[in-house]
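No lab work stands behind these numbers, since they all come straight from the coordinates. Everything quoted here is computed from the prediction, not taken from an experiment. In this analysis, Cβ positions are derived from the backbone assuming ideal geometry, glycine residues included, and neighbour counts consider all displayed protein chains.
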Amino acid sequence: MRRKYDTQLYKERIEYIKMLRPDACIGVDVIVGFPGETTDLFNETVNFLKDLDISYLHVFTYSERANTTAKKMTDVVPVHERKERSKILHLLSDRKKRNFYEKNKGSVRKVLFEDENHDGYIHGFTENYIKIKTPYQKDLSNSFHNVELKHLDRDGIYKVKWDLQSEN
C-alpha cells in the first residue's frame, strides 16, 4: 500500500508516545482484505496488533474503488473473507478498549460533556478519550467537570453519578 514506514518504526513511535504519556489513548486505523493479503499476512497483522500498546482499532474493510491502482491488482481477497477478518479485528479492538478503560479505573479525569440527550444520558469524553455517561442535565452541556472513573457499564462506558448542586 506504499506506506513509507514499517512495523518496527510504528511500534517505536507507539512506545515513545506511551513513555511520554502512559495514559494516552491511541487508536489505530487498519484496512483488512487489501488485495494480496494472505491468511498468513493477516495473522501476522493480528499478532502485531495484539502485542502493541494501543487502545482501540478503527477497522476498514477494503472495497474496490474505480480508478485506483488497487482495483487493478490481482490476488483479490473474497468479500466473505474480508468480512470475517473485519470481525476478528473488531473483537480485538473491543478487548483492547476494555483493557484501556480498566487501566484508567479509579482515576479522576476532566470530562467535556456533549450537548445531546442520548436516551436520558449525556455523554462526554475525558482528556484521554474515555467515554463517560451520566443522567442527562442540560446544564452539563459543553462544560468541563472532573469525574472519578468507577463503574464500567455493560456497554463498556463509564457511568458516573452527577449532581450539579453538590458541585457548588
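How much mean residue ellipticity at 222 nm does the chain get from its helices, if each DSSP H run of length 4 or more adds -39500 (n - 2.57) and you divide by all residues, to the nearest 500 deg cm²/dmol?
Working: 4 runs with 56 residues, N = 168.
After summing the helix terms and dividing by the residues of the chain, the value is -10500 deg cm²/dmol.
Relative to the longest principal axis of the C-alpha atoms of the chain, give the angle of the C-alpha long axis of helix 39-51, reported between 0 and 90° and rounded to the nearest 10°.
For helix 39-51, the angle is close to 30 degrees.
Using unit Cβ charges (K, R positive; D, E negative) and no other charged atoms, how large, in debye to the nearest 20, is the dipole of the chain about its Cα centre? Mind dumping the intermediate values first?
Values: 30 positive and 27 negative charges, 49 e Å.
Taking the Cα centre of the chain as origin, the dipole is about 240 debye.
Around Gly33, under 12 Å between beta carbons, what's the net of Lys plus Arg minus Asp minus Glu among the other residues?
Values: positive: Arg82, Lys83, Arg85, Lys87; negative: Glu37, Glu64, Asp75, Glu81, Glu84.
Its environment carries a net charge of -1.
Treating cross-link reach as a plain straight distance, find the aspartates and glutamates whose alpha-carbon is under 20 Å from the alpha-carbon of Lys105, omitting any fewer than eight places away in the same chain.
Filter leaves Asp23, Asp53, Asp94, Glu127, Glu148, Asp153, Asp155.
Within region 97-168, list the trypsin sites (Lys or Arg not before Pro) lying in a DSSP loop whose Cβ has at most 16 other Cβ atoms in a 10 Å radius. Walk me through the numbers on the way to the answer.
Details: sites: Lys97, Arg98, Lys103, Lys105, Arg109, Lys110, Lys131, Lys133, Lys138, Lys150, Arg154, Lys159, Lys161; in loops: Lys105, Lys150, Arg154, Lys161.
Counting only loop positions with at most 16 other Cβ atoms within 10 Å, the trypsin sites (Lys or Arg not before Pro) in region 97-168 are Lys105, Lys150, Arg154, Lys161.
So, in nm, how far is label Glu127 from label Thr7 when the simple model puts each one 7 Å beyond its Cα toward the Cβ?
Taking the simple label geometry, Glu127 and Thr7 are separated by 3.5 nm.
List the chymotrypsin sites (Phe, Trp or Tyr not before Pro) within region 34-69 that fall in a DSSP loop (any state other than H, G, I, E or B) and whose Cβ has at most 10 other Cβ atoms within 10 Å.
Answer in residue order: no site qualifies.
For the pair Asp139 and Lys105, how long in nm is the line joining their label points, each one 7 Å along Cα→Cβ?
The answer from the label model is 3.2 nm.
Assuming a viscosity of 0.890 mPa s and a temperature of 25 °C, what translational diffusion coefficient in µm² per second does Stokes-Einstein assign to region 108-167, Rh being the Kirkwood radius over Cα pairs? Please report the intermediate quantities before stating the final value.
Working: Rh = 11.3 Å.
Translational D for this selection: 217 µm²/s.
For region 17-76, which trypsin sites (Lys or Arg not before Pro) are in a loop by DSSP, counting at most 10 other Cβ atoms within 10 Å?
On the way: sites: Lys18, Lys50, Arg65, Lys71, Lys72; in loops: Arg65.
Sparse-neighbourhood loop trypsin sites (Lys or Arg not before Pro): Arg65.
Between Asp115 and Asp155, what's the calculated FRET efficiency when r is the beta-carbon distance and R0 is 25 Å? Round to 0.05. Display every interim value, and only then the final one.
On the way: r = 20 Å, r/R0 = 0.82.
That pair, Asp115 with Asp155, gives E of 0.75.
In Å, what Rg and Dmax follow from the Cα atoms of the chain?
19.7, 65
Which pairs, out of Lys11/Lys161; Lys97/Lys150; Lys50/Lys131; Lys110/Lys161; Lys96/Lys138, put more than 26 Å between their alpha-carbon atoms?
Values: Lys11/Lys161 38 Å; Lys97/Lys150 16 Å; Lys50/Lys131 22 Å; Lys110/Lys161 15 Å; Lys96/Lys138 32 Å.
Beyond 26 Å between Cα atoms: Lys11/Lys161; Lys96/Lys138.
Out of Val111, Gly156, His145, whose Cα points farthest toward the positive end of the dipole of region 108-167 (charges: +1 Lys, Arg; -1 Asp, Glu; placed on Cβ)?
Going by the charge dipole, the pick is Gly156.
Rounded to the nearest 20 Debye, what is the dipole magnitude of region 108-167 about its Cα centre when Lys and Arg each give +1 and Asp and Glu each give -1 at the C-beta? Please list the in-between numbers first.
Numbers: 9 positive and 11 negative charges, 51 e Å.
It comes to approximately 240 debye.
Sum up the charges of everything whose Cβ sits under 15 Å from the Cβ of Ser107, counting Lys and Arg as +1 and Asp and Glu as -1, but leave Ser107 out.
In short, +3.
Quick check on region 5-52: what are the equivalent-ellipsoid semi-axes from the Cα gyration tensor, as sqrt(5λ), descending, whole Å? Intermediate results must be reported in sequence, preceding the final value.
Values: eigenvalues 118, 21, 17 Å².
For region 5-52, the semi-axes come out at 24, 10, 9 Å.
How far apart, in nm, are two points set 7 Å out from the Cα along the Cα-to-Cβ line at Leu20 and at Asn43?
Each label point lies 7 Å from its Cα, and together they span 3.7 nm.
So if R0 is 41 Å, what FRET efficiency would Leu91 and Asn146 give, r being the distance between their Cβ atoms, rounded to the nearest 0.05? Intermediate values should be presented prior to the final figure.
On the way: r = 33 Å, r/R0 = 0.80.
Here the calculated transfer efficiency is 0.80.
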